[in-house]
Amino acid sequence: MKRLLPLLLILPLAGFRPAPLPPPMPQDGPVRVALVDRDRGTELRSYPADGQRWVAGERGHRYAVRLYNDSPRRVLVVLSVDGVNAISGEDADPSQTGYVLNPGQRADITGWRKTQDEVAQFVFSSPSGSYASRTGRPDNVGVVGVAVFEEARRWYPRPQPILRGRAGPAPAPASAEASAAADASASRIEGYSAKSQAPALGTGHGARESSSVRDTDFERATRSPAQVLQLRYDSARNLRARGILLDSPSRLDRQPQAFPNRYVPDPPAR
């Protein structure tokens with residue numbers, strides 16, 4: 001029997017426009033994932049190495065997980081940061097609660113969910129200062145991953161913004177119709193292995209900011225995710241030590257923007 005999950009809706013907020021937009025990550029599935037440095041207002045470029053994709057972060061900078069739904073269907077995205085579910089705070093598992101994206105939607109997830117109206121910002125921190133380490137779970141620090149599920153229903157009402165869910169069984173609606181989805185070979189987001197170089201960055205539990213949500217419904221088409229992706233992140237120094245040649249910021253094209261869409265900074269201290 002399929003599970004119908006009550007979900008929470010995140011009201012759409014204007015996000016940073018990447019400058020420039022890096023080429024999409026090569027991946028097979030409906031969703032693309034990127035990290036956005038919110039203090040610089042740019043989408044971070046990912047680099048291939050050791051069969052994975054790597055991103056260079058900067059300690060102390062706020063970041064967002066940017067999700068692109070390239071499919072014509074709604075999808076449920078279970079988000080794992082350092083091996084922790086970014087909504088519930090549990091050890092991440094694909095069966096848990098997640099965010100729902102509408103067809104063609106882009107959404108920025110900016111922090112750990114605290115209430116229906118607030119998140120604690122994602123901030124690049126030291127590994128020991130990460131939320132995962134501070135809660136006794138340091139083994140998967142340095143990785144962001146998603147497990148993506150397609151929706152069972154074939155017909156959709158008027159488009160709605162991004163949603164998130166709470167795990168728990170509920171009866172399926174009478175109008176729901178099952179549809180096929182590809183099985184994923186991996187069901188969990190993997191972090192650093194014992195042989196990997198120790199990470200220099202983790203994700204801290206930053207300042208609170210507004211992020212309002214509400215409930216809705218979503219029925220998964222399959223038990224297994226249709227897609228599993230992960231991005232490894234670390235300091236630029238560690239990435240270079242791995243032999244990854246990083247693009248210098250001065251070498252990246254920067255186009256003028258009439259509306260850079262930055263947040264209002266705090267006033268100067270008296």
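Among all residues of region 221-239, there is at least one that is part of a helix (DSSP H, G or I), under 30 Å from ARG137 (Cβ atoms), open to solvent by 70 Å² or more (accessible area, probe 1.4 Å) and at pLDDT 80 or above. The sole residue among LEU9, LEU35, LEU4, LEU13 that is at pLDDT 50 or above, under 23 Å from VAL100 (Cα atoms), of a type in the set (A, V, I, L, M, F, W, C) and surrounded by 14 or more Cβ atoms within 10 Å (Cβ to Cβ) is LEU35. Of all residues in region 196-220, those satisfying the criterion of being assigned to a strand (DSSP E or B), closer than 25 Å to THR135 by Cβ and of a type in the set (Ser, Thr, Tyr) are THR203, SER210. Is it the case that GLY145 is at pLDDT 95 or above and either part of a loop (DSSP other than H, G, I, E, B) or open to solvent by 30 Å² or more (accessible area, probe 1.4 Å) (or both)? Judged against the criteria, GLY145 is not a match.
Go through region 50-90 residue by residue and tally those that are open to solvent by less than 10 Å² (accessible area, probe 1.4 Å) and either under 14 Å from the mean Cα position of the chain (by Cα) or aliphatic (A, V, I, L, M) (or both). Selection size over region 50-90: 18. If you go through region 94-112 and keep only what is farther than 14 Å from VAL213 by Cα and open to solvent by less than 40 Å² (accessible area, probe 1.4 Å), you end up with PRO94, GLN96, ASN102, GLN105.
Among residues of region 49-61 that are over 26 Å from ALA120 (Cβ atoms), those with a Cβ under 8 angstrom from a residue that is small (Gly, Ala, Ser), sequence gap 6+ or separate chain, pair up as ALA49/GLY243.
The values are calculated or read from the model by the stated rules, or taken from the named source; none is laboratory data. Bear in mind that the values here come from a model prediction, so they are computed numbers and not experimental data. Cβ coordinates were reconstructed from backbone atoms using ideal geometry, including for glycine residues, and neighbour counts include every protein chain displayed. Remember, those area values only see protein heavy atoms, side chains included, never the ligands or the DNA or RNA. Shrake-Rupley method; radii C 1.70, N 1.55, O 1.52, S 1.80 Å.
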